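The values are calculated or read from the model by the stated rules, or taken from the named source; none is laboratory data. No experiment lies behind these values; they were computed from the predicted model shown. Glycine gets a Cβ as well: all are built from the backbone with ideal geometry, and neighbour counts include every protein chain shown. Side chains included, ligands, DNA and RNA excluded: accessible areas come from the protein's heavy atoms. Shrake-Rupley method; radii C 1.70, N 1.55, O 1.52, S 1.80 Å.
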Amino acid sequence: MIFLLLTVSVLAFFLCWNLIPNQKVSNVTGVFFAILSILSVLAMMGNFKYHFGMEQQTIVTRTEIAPVKQMMILKQPVGTDGSEQAVIYNKKASHDVNP
């Protein structure tokens, strides 16, 4: 929204300053849109620095999951230190797999 305000105010400043033939009206409207442009740039800078309207939130969600051992078919360490594992699961808890 502030980008739209900045774009419109800069465009209006340019048009008022260059295309209005009456000098007094051109100066008044040009100064108004120049001030509006400067204020919108300052508002953008303040928003980037102070994050207006945003609050830091921490959301903790706990979900109960089914035991994995019933559905696990194969588990094998991967790599040299064994910190990573490759695991194959069956979609059904009771599986009939004949090796």
Requested in this report: Could you sort 12-25, 31-44, 49-62, 74-87 so that the peptide with the highest average Cβ count within 10 Å comes first and the rest follow in order?
Outcome: 31-44, 12-25, 74-87, 49-62
Query - Accessible area of segment 1-46 belonging to carbon and sulfur atoms, whole % at 1.4 Å probe - result: 84 percent
**Report entry** Linear extension gain, V41 paired with N27, 0.36 nm per residue minus alpha-carbon span
**Finding:** 2.9 nm
Requested in this report: Take L11, L6 and sort them by solvent-accessible surface of the protein heavy atoms, 1.4 Å probe, largest at the top.
Outcome: L11, L6
Query raised in the report: Rounded to the nearest 0.05, what FRET efficiency do V87 and T61 have when you use their Cβ-Cβ distance and R0 = 30 Å?
Result: 0.80
**Report entry** Per residue, in Å², the accessible surface of segment 1-46 once ligands and nucleic acids are set aside, probe 1.4 Å
**Finding:** 73 Å²
